[in-house]
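Okay, structure first, notes after.
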Amino acid sequence: MIQTIPTTPIDGQKPGTSGLRKKTAIFRQKHYLENFVQSIWDGIGGVAGKVLVLGGDGRAFNREAVQTILKMAAASGAAKVIVGQDGLLSTPAASNLIRIRQADGGVILSASHNPGGDDGDFGVKFNTANGGPAPEGVTNAIFDASTRITEFHIMDAPDLDLGTVGDVQLGQMVVEVVDPVADYAALMEKLFDFTAIRALFNSGFTLRFDAMHAITGPYAREILVNRLGAPAESVMNAVPLPDFGGGHPDPNPVWAHELMGIMMGENAPDFGAASDGDGDRNMIVGRGAYVTPSDSLAVIAANAHLAPGYAQGLAGVARSMPTSAALDRVAEARGLPCYATPTGWKFFGNLLDAGRATLCGEESAGTGSDHVREKDGLWAVLMWLNILAAKRQSVAEVMAAHWAEFGRNYYSRHDYEGVDAAAAETLMDDLRARLDKLAGEAAGPLTVTTAEDFSYTDPVDGSVTTRQGLQIMFDGGARLVLRLSGTGTEGATLRVYMESFSGERFDQDPQAALADVIAAAEALAGIKARLGRDAPDVVT
Ligand code: VG1
Ligand code: CO
(Lines give C-alpha, C1' and ligand atoms only; values in the text may rest on other atoms or scores of the structure.)
(Ligands and ions follow the chains in the order given, each with its own letter.)
Protein backbone atom coordinates (compact mmCIF):
# COMPACT_ATOMS: atom_id res chain seq x y z
CA MET A 1 0.00 0.00 0.00
CA ILE A 2 1.44 3.35 -1.07
CA GLN A 3 0.51 6.22 1.18
CA THR A 4 0.64 9.88 0.26
CA ILE A 5 1.12 11.99 3.36
CA PRO A 6 0.54 15.76 3.33
CA THR A 7 3.40 17.77 4.81
CA THR A 8 4.75 21.32 4.91
CA PRO A 9 8.29 22.61 4.31
CA ILE A 10 10.71 22.46 7.24
CA ASP A 11 13.22 25.29 7.52
CA GLY A 12 16.93 24.71 7.18
CA GLN A 13 17.08 21.53 5.11
CA LYS A 14 20.07 22.92 3.24
CA PRO A 15 22.93 20.48 2.64
CA GLY A 16 26.30 21.85 3.83
CA THR A 17 29.88 20.84 3.03
CA SER A 18 28.83 17.19 3.07
CA GLY A 19 25.10 16.50 3.18
CA LEU A 20 22.42 17.59 5.64
CA ARG A 21 23.60 17.37 9.27
CA LYS A 22 21.43 17.97 12.28
CA LYS A 23 21.02 16.72 15.81
CA THR A 24 19.72 13.15 15.89
CA ALA A 25 16.73 14.43 17.86
CA ILE A 26 15.86 16.79 15.01
CA PHE A 27 16.03 13.99 12.44
CA ARG A 28 13.66 12.03 14.70
CA GLN A 29 11.08 14.81 14.61
CA LYS A 30 7.88 14.08 12.74
CA HIS A 31 8.40 14.14 8.96
CA TYR A 32 11.92 15.60 9.21
CA LEU A 33 13.67 12.69 7.48
CA GLU A 34 10.69 12.01 5.20
CA ASN A 35 10.59 15.62 4.01
CA PHE A 36 14.29 15.61 3.17
CA VAL A 37 14.25 12.23 1.43
CA GLN A 38 11.24 13.22 -0.65
CA SER A 39 13.10 16.45 -1.50
CA ILE A 40 16.05 14.36 -2.72
CA TRP A 41 13.74 12.33 -4.94
CA ASP A 42 12.05 15.51 -6.21
CA GLY A 43 15.35 17.37 -6.61
CA ILE A 44 16.83 14.65 -8.84
CA GLY A 45 13.74 14.27 -10.98
CA GLY A 46 12.23 11.28 -9.21
CA VAL A 47 13.47 7.74 -8.62
CA ALA A 48 10.99 5.80 -10.76
CA GLY A 49 12.78 2.88 -12.41
CA LYS A 50 16.09 3.83 -10.79
CA VAL A 51 18.66 1.75 -8.91
CA LEU A 52 20.00 3.25 -5.68
CA VAL A 53 22.61 2.29 -3.10
CA LEU A 54 21.82 2.79 0.59
CA GLY A 55 23.75 2.42 3.84
CA GLY A 56 25.20 4.28 6.76
CA ASP A 57 27.87 4.33 9.44
CA GLY A 58 25.76 2.64 12.09
CA ARG A 59 25.16 5.63 14.32
CA ALA A 60 21.92 6.08 16.26
CA PHE A 61 18.86 6.34 13.95
CA ASN A 62 20.69 4.52 11.11
CA ARG A 63 18.46 1.45 11.35
CA GLU A 64 15.18 3.35 11.50
CA ALA A 65 16.22 5.73 8.71
CA VAL A 66 17.17 2.87 6.37
CA GLN A 67 13.71 1.32 6.77
CA THR A 68 11.98 4.65 6.09
CA ILE A 69 14.10 5.36 3.02
CA LEU A 70 13.47 1.89 1.57
CA LYS A 71 9.72 2.38 1.96
CA MET A 72 9.94 5.81 0.36
CA ALA A 73 12.02 4.53 -2.56
CA ALA A 74 9.51 1.75 -3.14
CA ALA A 75 6.58 4.17 -2.95
CA SER A 76 8.17 6.40 -5.58
CA GLY A 77 8.75 3.53 -7.99
CA ALA A 78 12.48 2.77 -7.61
CA ALA A 79 13.40 -0.49 -9.36
CA LYS A 80 15.98 -1.60 -6.83
CA VAL A 81 17.87 -0.53 -3.75
CA ILE A 82 21.19 -2.16 -2.97
CA VAL A 83 21.62 -1.92 0.78
CA GLY A 84 24.50 -2.93 3.03
CA GLN A 85 23.76 -5.77 5.44
CA ASP A 86 22.19 -4.36 8.64
CA GLY A 87 22.00 -1.03 6.83
CA LEU A 88 25.76 -0.49 7.06
CA LEU A 89 28.13 0.88 4.42
CA SER A 90 31.20 3.07 4.74
CA THR A 91 31.15 6.16 2.55
CA PRO A 92 33.91 4.91 0.21
CA ALA A 93 32.28 1.46 -0.01
CA ALA A 94 28.98 3.10 -0.96
CA SER A 95 30.75 5.14 -3.62
CA ASN A 96 32.34 1.97 -4.98
CA LEU A 97 29.00 0.12 -5.04
CA ILE A 98 27.31 2.94 -6.94
CA ARG A 99 30.07 2.73 -9.54
CA ILE A 100 30.47 -1.01 -9.98
CA ARG A 101 26.70 -1.62 -10.01
CA GLN A 102 26.10 1.35 -12.30
CA ALA A 103 23.47 2.63 -9.91
CA ASP A 104 21.77 5.95 -10.48
CA GLY A 105 22.91 7.28 -7.13
CA GLY A 106 22.98 6.53 -3.45
CA VAL A 107 21.96 7.73 -0.02
CA ILE A 108 24.59 7.59 2.73
CA LEU A 109 23.53 8.02 6.33
CA SER A 110 26.25 9.68 8.33
CA ALA A 111 27.37 12.84 10.04
CA SER A 112 30.93 11.62 9.48
CA HIS A 113 33.32 12.85 12.16
CA ASN A 114 30.56 14.46 14.25
CA PRO A 115 29.68 12.55 17.44
CA GLY A 116 26.70 10.21 17.18
CA GLY A 117 24.10 8.86 19.57
CA ASP A 118 20.76 10.13 20.82
CA ASP A 119 22.34 13.46 21.81
CA GLY A 120 24.76 13.50 18.87
CA ASP A 121 24.42 14.23 15.20
CA PHE A 122 22.88 12.44 12.25
CA GLY A 123 23.21 13.18 8.57
CA VAL A 124 22.02 12.29 5.08
CA LYS A 125 24.17 12.62 1.97
CA PHE A 126 23.12 12.03 -1.61
CA ASN A 127 25.67 10.79 -4.14
CA THR A 128 25.21 10.85 -7.89
CA ALA A 129 25.79 8.14 -10.51
CA ASN A 130 29.56 8.76 -10.63
CA GLY A 131 29.66 7.68 -6.96
CA GLY A 132 30.54 11.15 -5.71
CA PRO A 133 28.82 13.68 -3.47
CA ALA A 134 26.09 15.58 -5.29
CA PRO A 135 27.52 18.75 -6.81
CA GLU A 136 26.11 22.11 -5.80
CA GLY A 137 23.61 22.24 -8.66
CA VAL A 138 22.01 19.06 -7.31
CA THR A 139 22.12 20.02 -3.62
CA ASN A 140 20.56 23.37 -4.51
CA ALA A 141 17.75 21.58 -6.35
CA ILE A 142 17.19 19.33 -3.33
CA PHE A 143 17.08 22.31 -0.99
CA ASP A 144 14.74 24.09 -3.34
CA ALA A 145 12.41 21.08 -3.34
CA SER A 146 12.47 21.07 0.47
CA THR A 147 11.08 24.60 0.50
CA ARG A 148 8.13 23.68 -1.72
CA ILE A 149 7.22 20.19 -0.50
CA THR A 150 3.54 19.48 0.04
CA GLU A 151 3.46 15.69 0.40
CA PHE A 152 5.62 12.59 0.53
CA HIS A 153 5.07 9.00 -0.52
CA ILE A 154 5.78 5.95 1.60
CA MET A 155 4.87 2.27 1.55
CA ASP A 156 2.81 1.04 4.42
CA ALA A 157 4.75 -2.16 5.06
CA PRO A 158 6.47 -3.94 7.93
CA ASP A 159 10.22 -3.35 8.41
CA LEU A 160 12.43 -5.60 6.33
CA ASP A 161 14.96 -8.02 7.75
CA LEU A 162 18.29 -6.63 6.51
CA GLY A 163 20.41 -9.11 8.45
CA THR A 164 20.71 -11.68 5.67
CA VAL A 165 22.47 -11.22 2.34
CA GLY A 166 20.11 -11.75 -0.60
CA ASP A 167 17.07 -10.28 -2.35
CA VAL A 168 13.87 -9.22 -0.60
CA GLN A 169 10.79 -7.76 -2.25
CA LEU A 170 9.20 -4.52 -1.10
CA GLY A 171 6.10 -3.98 -3.22
CA GLN A 172 7.37 -3.79 -6.80
CA MET A 173 10.90 -2.92 -5.69
CA VAL A 174 13.78 -5.32 -5.12
CA VAL A 175 15.90 -4.80 -2.03
CA GLU A 176 19.27 -6.46 -2.50
CA VAL A 177 21.11 -6.89 0.79
CA VAL A 178 24.86 -7.10 0.19
CA ASP A 179 27.95 -7.78 2.26
CA PRO A 180 29.18 -4.24 2.94
CA VAL A 181 32.86 -5.23 2.87
CA ALA A 182 33.35 -7.74 0.03
CA ASP A 183 33.39 -5.52 -3.07
CA TYR A 184 35.42 -2.85 -1.33
CA ALA A 185 38.03 -5.35 -0.14
CA ALA A 186 38.27 -6.76 -3.68
CA LEU A 187 38.92 -3.26 -5.02
CA MET A 188 41.72 -2.71 -2.50
CA GLU A 189 43.35 -6.00 -3.55
CA LYS A 190 43.43 -4.73 -7.12
CA LEU A 191 45.09 -1.42 -6.22
CA PHE A 192 47.72 -2.48 -3.72
CA ASP A 193 50.48 -5.07 -3.49
CA PHE A 194 48.94 -7.34 -0.85
CA THR A 195 51.81 -9.82 -1.21
CA ALA A 196 54.37 -7.16 -0.29
CA ILE A 197 52.27 -5.88 2.62
CA ARG A 198 51.77 -9.44 3.89
CA ALA A 199 55.53 -9.93 3.73
CA LEU A 200 55.99 -6.71 5.70
CA PHE A 201 53.75 -8.05 8.49
CA ASN A 202 55.55 -11.40 8.37
CA SER A 203 58.85 -9.61 8.93
CA GLY A 204 57.61 -8.42 12.33
CA PHE A 205 56.25 -5.01 11.34
CA THR A 206 53.52 -4.01 13.78
CA LEU A 207 50.38 -1.97 13.23
CA ARG A 208 47.60 -0.47 15.29
CA PHE A 209 44.43 0.66 13.54
CA ASP A 210 41.80 2.55 15.56
CA ALA A 211 38.32 2.22 14.07
CA MET A 212 37.04 4.57 16.81
CA HIS A 213 33.93 2.36 17.32
CA ALA A 214 32.78 3.45 13.88
CA ILE A 215 32.16 1.87 10.49
CA THR A 216 35.71 0.87 9.50
CA GLY A 217 35.98 -1.88 12.14
CA PRO A 218 34.55 -4.66 9.92
CA TYR A 219 36.51 -3.39 6.90
CA ALA A 220 39.80 -3.19 8.78
CA ARG A 221 39.35 -6.65 10.26
CA GLU A 222 38.65 -8.23 6.89
CA ILE A 223 41.44 -6.45 5.03
CA LEU A 224 44.22 -5.97 7.58
CA VAL A 225 43.70 -9.12 9.66
CA ASN A 226 42.01 -11.71 7.42
CA ARG A 227 43.58 -10.83 4.10
CA LEU A 228 46.93 -9.28 5.08
CA GLY A 229 47.72 -11.38 8.11
CA ALA A 230 48.10 -8.69 10.78
CA PRO A 231 47.41 -10.05 14.29
CA ALA A 232 43.80 -9.59 15.47
CA GLU A 233 44.83 -7.11 18.17
CA SER A 234 46.09 -4.78 15.43
CA VAL A 235 42.54 -3.40 15.09
CA MET A 236 41.13 -1.61 18.12
CA ASN A 237 37.63 -0.26 18.84
CA ALA A 238 36.50 -2.44 15.95
CA VAL A 239 32.80 -2.87 16.70
CA PRO A 240 30.60 -0.06 15.31
CA LEU A 241 28.45 1.38 18.12
CA PRO A 242 25.44 3.72 17.76
CA ASP A 243 27.20 6.34 19.91
CA PHE A 244 30.78 5.46 18.88
CA GLY A 245 31.44 4.57 22.51
CA GLY A 246 30.72 8.15 23.50
CA GLY A 247 33.72 9.31 21.48
CA HIS A 248 34.21 11.80 18.74
CA PRO A 249 35.09 9.74 15.66
CA ASP A 250 37.44 12.32 14.16
CA PRO A 251 40.87 10.87 13.40
CA ASN A 252 43.23 13.56 14.62
CA PRO A 253 45.67 13.71 17.54
CA VAL A 254 43.07 15.38 19.74
CA TRP A 255 40.18 12.94 19.34
CA ALA A 256 42.29 9.83 18.63
CA HIS A 257 44.31 10.42 21.79
CA GLU A 258 44.12 6.78 22.82
CA LEU A 259 45.97 5.76 19.67
CA MET A 260 48.34 8.73 19.93
CA GLY A 261 49.28 7.62 23.45
CA ILE A 262 50.14 4.17 22.13
CA MET A 263 52.14 5.54 19.20
CA MET A 264 54.10 8.04 21.26
CA GLY A 265 54.66 5.61 24.14
CA GLU A 266 57.27 2.97 24.82
CA ASN A 267 57.23 -0.11 22.60
CA ALA A 268 54.99 1.67 20.14
CA PRO A 269 53.96 -0.25 17.02
CA ASP A 270 55.69 0.66 13.75
CA PHE A 271 52.57 2.17 12.25
CA GLY A 272 49.31 3.60 13.54
CA ALA A 273 46.19 4.76 11.76
CA ALA A 274 42.62 5.74 12.50
CA SER A 275 39.48 6.46 10.55
CA ASP A 276 36.34 8.49 11.14
CA GLY A 277 32.64 7.74 11.61
CA ASP A 278 31.89 6.92 7.98
CA GLY A 279 35.34 5.65 6.99
CA ASP A 280 36.40 8.34 4.56
CA ARG A 281 39.05 10.07 6.69
CA ASN A 282 42.39 8.79 7.90
CA MET A 283 45.10 9.61 10.37
CA ILE A 284 48.62 8.34 9.74
CA VAL A 285 51.15 8.10 12.54
CA GLY A 286 54.45 6.31 12.80
CA ARG A 287 56.28 5.31 15.97
CA GLY A 288 56.80 8.70 17.61
CA ALA A 289 56.02 10.46 14.33
CA TYR A 290 52.66 12.06 13.56
CA VAL A 291 52.11 12.81 9.87
CA THR A 292 49.89 15.80 9.07
CA PRO A 293 47.21 15.05 6.47
CA SER A 294 48.72 17.63 4.13
CA ASP A 295 52.12 15.93 4.37
CA SER A 296 50.53 12.51 3.96
CA LEU A 297 48.93 13.68 0.72
CA ALA A 298 52.30 14.95 -0.54
CA VAL A 299 54.09 11.72 0.41
CA ILE A 300 51.42 9.68 -1.35
CA ALA A 301 51.72 11.86 -4.46
CA ALA A 302 55.49 11.36 -4.49
CA ASN A 303 55.28 7.59 -3.98
CA ALA A 304 51.97 6.32 -5.36
CA HIS A 305 53.76 4.68 -8.29
CA LEU A 306 55.02 2.06 -5.80
CA ALA A 307 51.47 0.68 -5.63
CA PRO A 308 50.43 -1.50 -8.59
CA GLY A 309 47.20 0.44 -9.20
CA TYR A 310 49.21 3.63 -9.73
CA ALA A 311 52.34 2.21 -11.38
CA GLN A 312 51.55 4.10 -14.57
CA GLY A 313 51.86 7.41 -12.68
CA LEU A 314 49.40 10.18 -11.90
CA ALA A 315 47.51 12.33 -14.41
CA GLY A 316 47.38 15.22 -11.96
CA VAL A 317 46.72 16.03 -8.32
CA ALA A 318 44.26 18.24 -6.46
CA ARG A 319 43.89 19.65 -2.98
CA SER A 320 41.33 21.79 -1.23
CA MET A 321 42.46 25.41 -1.00
CA PRO A 322 43.16 25.39 2.77
CA THR A 323 45.30 22.24 2.45
CA SER A 324 49.03 22.96 2.58
CA ALA A 325 51.08 23.48 -0.55
CA ALA A 326 53.30 20.47 0.24
CA LEU A 327 51.39 18.75 -2.57
CA ASP A 328 52.20 21.58 -4.98
CA ARG A 329 55.94 21.08 -4.39
CA VAL A 330 55.71 17.43 -5.37
CA ALA A 331 53.56 18.31 -8.38
CA GLU A 332 56.03 20.90 -9.53
CA ALA A 333 59.00 18.57 -9.14
CA ARG A 334 57.20 15.81 -11.03
CA GLY A 335 55.64 18.01 -13.70
CA LEU A 336 52.05 17.22 -12.64
CA PRO A 337 49.06 19.54 -12.97
CA CYS A 338 47.91 20.62 -9.49
CA TYR A 339 44.45 22.05 -8.73
CA ALA A 340 43.18 23.95 -5.68
CA THR A 341 39.43 23.54 -5.07
CA PRO A 342 36.99 24.73 -2.40
CA THR A 343 36.63 22.60 0.74
CA GLY A 344 34.56 19.43 0.33
CA TRP A 345 35.00 16.34 -1.79
CA LYS A 346 32.22 17.28 -4.21
CA PHE A 347 34.62 19.70 -5.90
CA PHE A 348 37.03 16.92 -6.89
CA GLY A 349 34.41 14.92 -8.80
CA ASN A 350 34.71 16.66 -12.14
CA LEU A 351 38.54 16.59 -12.08
CA LEU A 352 38.45 12.86 -11.34
CA ASP A 353 35.75 12.11 -13.91
CA ALA A 354 37.61 14.07 -16.59
CA GLY A 355 40.87 12.24 -15.86
CA ARG A 356 42.60 15.49 -14.91
CA ALA A 357 43.45 14.37 -11.39
CA THR A 358 44.25 10.89 -10.10
CA LEU A 359 44.89 11.84 -6.49
CA CYS A 360 43.06 14.32 -4.24
CA GLY A 361 43.26 15.37 -0.62
CA GLU A 362 42.20 17.71 2.13
CA GLU A 363 43.93 18.96 5.25
CA SER A 364 41.07 17.55 7.31
CA ALA A 365 42.43 14.02 6.92
CA GLY A 366 40.79 13.09 3.66
CA THR A 367 42.81 11.46 0.91
CA GLY A 368 41.68 9.48 -2.08
CA SER A 369 42.01 8.76 -5.74
CA ASP A 370 40.01 8.03 -8.85
CA HIS A 371 39.26 4.48 -7.58
CA VAL A 372 36.03 5.88 -6.08
CA ARG A 373 34.55 9.38 -5.87
CA GLU A 374 34.93 9.88 -2.12
CA LYS A 375 37.88 10.26 0.15
CA ASP A 376 38.85 6.89 1.52
CA GLY A 377 40.38 6.22 4.95
CA LEU A 378 41.46 2.60 4.56
CA TRP A 379 42.73 3.29 1.06
CA ALA A 380 45.16 5.84 2.53
CA VAL A 381 46.24 3.36 5.19
CA LEU A 382 46.86 0.67 2.58
CA MET A 383 48.71 3.15 0.37
CA TRP A 384 51.04 3.97 3.26
CA LEU A 385 51.54 0.28 4.04
CA ASN A 386 52.32 -0.37 0.39
CA ILE A 387 54.86 2.49 0.36
CA LEU A 388 56.48 1.27 3.58
CA ALA A 389 56.55 -2.30 2.27
CA ALA A 390 58.31 -1.13 -0.89
CA LYS A 391 60.76 1.21 0.81
CA ARG A 392 61.34 -0.77 4.01
CA GLN A 393 61.77 2.51 5.88
CA SER A 394 60.09 3.74 9.05
CA VAL A 395 57.45 6.48 8.84
CA ALA A 396 59.94 8.92 10.40
CA GLU A 397 62.52 8.03 7.78
CA VAL A 398 60.02 8.49 4.96
CA MET A 399 59.12 11.93 6.31
CA ALA A 400 62.76 12.98 6.76
CA ALA A 401 63.59 11.95 3.21
CA HIS A 402 60.50 13.71 1.87
CA TRP A 403 61.33 17.01 3.58
CA ALA A 404 64.97 16.76 2.53
CA GLU A 405 63.83 16.48 -1.07
CA PHE A 406 60.90 18.92 -1.14
CA GLY A 407 61.29 21.10 1.96
CA ARG A 408 58.72 21.25 4.76
CA ASN A 409 55.42 23.10 4.81
CA TYR A 410 54.70 23.66 8.49
CA TYR A 411 50.97 23.54 8.90
CA SER A 412 48.30 23.81 11.57
CA ARG A 413 44.55 24.34 11.84
CA HIS A 414 42.98 26.06 14.84
CA ASP A 415 39.27 25.47 15.35
CA TYR A 416 37.02 27.66 17.47
CA GLU A 417 33.97 25.43 17.87
CA GLY A 418 30.39 26.22 18.76
CA VAL A 419 30.97 29.98 18.86
CA ASP A 420 28.27 32.59 18.50
CA ALA A 421 27.20 32.41 14.85
CA ALA A 422 26.56 36.14 14.50
CA ALA A 423 29.96 37.03 16.00
CA ALA A 424 31.71 34.62 13.66
CA GLU A 425 29.84 35.98 10.62
CA THR A 426 30.75 39.53 11.61
CA LEU A 427 34.40 38.58 12.04
CA MET A 428 34.44 37.16 8.54
CA ASP A 429 32.44 40.02 7.01
CA ASP A 430 34.67 42.68 8.56
CA LEU A 431 37.86 41.02 7.37
CA ARG A 432 36.34 40.38 3.94
CA ALA A 433 35.49 44.06 3.63
CA ARG A 434 39.14 44.99 4.31
CA LEU A 435 40.74 42.45 1.94
CA ASP A 436 41.20 44.90 -0.93
CA LYS A 437 43.26 47.25 1.18
CA LEU A 438 45.41 44.72 3.02
CA ALA A 439 48.29 44.32 0.55
CA GLY A 440 51.34 46.05 1.96
CA GLU A 441 49.79 46.36 5.44
CA ALA A 442 51.49 45.06 8.55
CA ALA A 443 49.79 42.16 10.34
CA GLY A 444 51.55 41.58 13.64
CA PRO A 445 55.12 40.58 12.76
CA LEU A 446 54.31 39.95 9.07
CA THR A 447 53.35 42.03 6.05
CA VAL A 448 50.46 41.08 3.78
CA THR A 449 51.32 40.55 0.12
CA THR A 450 47.94 39.44 -1.28
CA ALA A 451 44.46 38.89 0.13
CA GLU A 452 41.43 37.34 -1.56
CA ASP A 453 38.02 35.87 -0.94
CA PHE A 454 38.58 32.50 -2.63
CA SER A 455 36.32 31.62 -5.50
CA TYR A 456 36.65 28.68 -7.83
CA THR A 457 35.81 28.17 -11.46
CA ASP A 458 35.52 24.47 -12.20
CA PRO A 459 37.83 23.85 -15.17
CA VAL A 460 35.58 21.07 -16.47
CA ASP A 461 32.05 22.51 -16.41
CA GLY A 462 32.82 26.19 -15.80
CA SER A 463 30.62 26.40 -12.70
CA VAL A 464 31.65 29.15 -10.29
CA THR A 465 31.64 28.84 -6.49
CA THR A 466 32.25 32.00 -4.46
CA ARG A 467 33.05 32.91 -0.84
CA GLN A 468 35.05 29.78 -0.08
CA GLY A 469 37.40 31.25 2.51
CA LEU A 470 39.60 34.28 3.06
CA GLN A 471 43.14 33.61 1.88
CA ILE A 472 45.94 35.96 2.95
CA MET A 473 49.56 35.61 1.87
CA PHE A 474 52.50 37.19 3.68
CA ASP A 475 56.00 38.22 2.77
CA GLY A 476 58.26 35.21 3.10
CA GLY A 477 55.55 32.92 1.69
CA ALA A 478 53.48 32.23 4.80
CA ARG A 479 49.73 31.82 4.34
CA LEU A 480 46.62 32.24 6.43
CA VAL A 481 43.10 31.04 5.61
CA LEU A 482 39.93 31.68 7.55
CA ARG A 483 36.60 30.04 6.84
CA LEU A 484 33.46 28.94 8.62
CA SER A 485 32.69 25.24 8.86
CA GLY A 486 29.79 23.84 6.88
CA THR A 487 29.39 20.62 8.86
CA GLY A 488 28.63 21.74 12.41
CA THR A 489 25.23 21.56 14.08
CA GLU A 490 25.66 24.08 16.92
CA GLY A 491 26.50 27.77 16.55
CA ALA A 492 29.41 28.34 14.18
CA THR A 493 32.90 26.91 13.95
CA LEU A 494 35.70 29.17 12.78
CA ARG A 495 38.61 27.37 11.15
CA VAL A 496 41.94 29.17 10.97
CA TYR A 497 44.51 27.48 8.73
CA MET A 498 48.18 28.50 8.87
CA GLU A 499 51.17 27.53 6.81
CA SER A 500 54.80 28.48 6.36
CA PHE A 501 57.60 26.89 4.39
CA SER A 502 61.17 26.05 5.29
CA GLY A 503 63.73 24.61 2.93
CA GLU A 504 66.26 24.01 5.71
CA ARG A 505 64.74 23.32 9.13
CA PHE A 506 62.56 20.27 9.41
CA ASP A 507 62.57 19.58 13.15
CA GLN A 508 60.57 22.47 14.58
CA ASP A 509 57.36 22.17 16.51
CA PRO A 510 54.68 23.37 14.04
CA GLN A 511 53.11 25.77 16.56
CA ALA A 512 56.53 27.37 17.13
CA ALA A 513 57.32 27.46 13.42
CA LEU A 514 53.96 29.16 12.82
CA ALA A 515 54.13 31.64 15.71
CA ASP A 516 54.34 34.63 13.37
CA VAL A 517 51.34 33.53 11.30
CA ILE A 518 49.34 32.84 14.47
CA ALA A 519 50.15 36.37 15.64
CA ALA A 520 49.25 37.78 12.23
CA ALA A 521 45.88 36.01 12.31
CA GLU A 522 45.07 37.51 15.68
CA ALA A 523 46.22 40.96 14.57
CA LEU A 524 44.07 40.83 11.43
CA ALA A 525 40.91 39.24 12.76
CA GLY A 526 40.87 39.89 16.53
CA ILE A 527 39.65 36.34 17.01
CA LYS A 528 39.97 36.09 20.77
CA ALA A 529 38.12 39.28 21.60
CA ARG A 530 35.41 38.84 18.98
CA LEU A 531 34.66 35.22 19.83
CA GLY A 532 35.32 35.54 23.55
CA ARG A 533 37.79 32.67 23.52
CA ASP A 534 41.29 32.52 24.99
CA ALA A 535 42.44 29.69 22.77
CA PRO A 536 41.19 27.40 20.01
CA ASP A 537 39.20 24.33 21.04
CA VAL A 538 41.03 21.99 18.72
CA VAL A 539 44.54 22.39 17.33
CA THR A 540 45.58 19.95 14.65
C1 VG1 B 1 34.90 19.46 7.05
C2 VG1 B 1 36.31 19.48 6.48
C3 VG1 B 1 36.27 19.21 4.98
C4 VG1 B 1 35.55 17.88 4.72
C5 VG1 B 1 34.18 17.91 5.36
C6 VG1 B 1 33.47 16.58 5.24
O7 VG1 B 1 34.13 20.48 6.48
O8 VG1 B 1 36.93 20.72 6.74
O9 VG1 B 1 37.59 19.18 4.49
O10 VG1 B 1 35.41 17.66 3.34
O11 VG1 B 1 34.29 18.21 6.76
O12 VG1 B 1 34.22 15.57 5.83
P13 VG1 B 1 33.87 21.88 7.20
O14 VG1 B 1 32.91 22.62 6.32
O15 VG1 B 1 33.33 21.57 8.57
O16 VG1 B 1 35.20 22.55 7.32
V17 VG1 B 1 33.47 14.17 6.45
O18 VG1 B 1 34.64 13.11 6.87
O19 VG1 B 1 32.05 14.68 6.59
O20 VG1 B 1 32.81 13.32 5.15
CO1 CO C 1 33.82 11.31 7.04
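Data table
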| quantity | calculated |
| --- | --- |
| Nearest-10 value in Å² for the accessible area of F201, using the 1.4 Å probe | 20 Å² |
| For the chain: relative contact order, % (alpha-carbon pairs under 8 angstrom, 6 or more apart) | 13 percent |
| Over 20 Å (Cα to Cα) - which of K125/K346; K71/K125; K14/K346; K190/K375; K22/K528; K50/K375 fall in this group | K22/K528; K50/K375 |
| Cα gyration tensor shape of the chain, rounded if a/c is under 1.5, else prolate or oblate by comparing a/b with b/c | oblate |
| Contact order relative to length of the range 23-133, as percent, for alpha carbon pairs under 8 angstrom and 6 or more apart | 32 percent |
| Cross-link partners of K30 among aspartates and glutamates (Cα-Cα below 15 Å; sequence separation of 8 or more within a chain) | D11, E64, E151 |
| Heavy-atom SASA rank of C338, C360 (probe 1.4 Å, accessible area, largest first) | C338, C360 |
| MRE, 222 nm, helices only [DSSP H, n ≥ 4, -39500 (n - 2.57), over the chain, to nearest 500] | -9000 deg cm²/dmol |
| Cα gyration tensor shape of the range 2-179, rounded if a/c is under 1.5, else prolate or oblate by comparing a/b with b/c | rounded |
| Charged-residue dipole, Cβ positions (Lys, Arg, Asp, Glu), the range 106-158 about Cα centre, Debye nearest 20 | 220 debye |
| Net dipole in debye of the range 184-406 [+1 Lys, Arg Cβ; -1 Asp, Glu Cβ; about Cα centre; nearest 20] | 500 debye |
| The range 203-323, accessible surface, carbon-and-sulfur percent (1.4 angstrom probe) | 52 percent |
| Candidate residues I26, I40: accessible-area rank, largest first, probe 1.4 Å | I26, I40 |
| Anisotropy class of the range 408-539 from Cα gyration tensor, a/c 1.5 cut | rounded |
| Cα-centre dipole for the chain with unit charges at Cβ (Lys and Arg positive, Asp and Glu negative), debye to 20 | 640 debye |
| Per-residue SASA entry for D161, accessible area with 1.4 Å probe, Å² rounded to 10 | 100 Å² |
| Carbon + sulfur, % of accessible area of the range 2-179 - ligands and nucleic acids excluded, 1.4 Å | 49 percent |
| Farthest positive-ward along the chain dipole, Cα basis, beta-carbon charges - from T8, L351, A157 | L351 |
| R0 of 60 Å, Cβ-Cβ distance A439-E233: FRET efficiency to nearest 0.05 | 0.60 |
| Probe 1.4 Å, accessible area per residue of the range 490-540, Å² | 48 Å² |
| Nearest-10 value in Å² for the accessible area of L33, using the 1.4 Å probe | 0 Å² |
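The values are calculated or read from the model by the stated rules, or taken from the named source; none is laboratory data. Treat the numbers as computed from the prediction; the structure is a model and nothing was measured. Backbone-built Cβ (ideal geometry, glycine too); neighbour counts: all protein chains shown. With ligands, DNA and RNA removed, areas are computed over all heavy atoms of the protein, side chains included. Shrake-Rupley method; radii C 1.70, N 1.55, O 1.52, S 1.80 Å.
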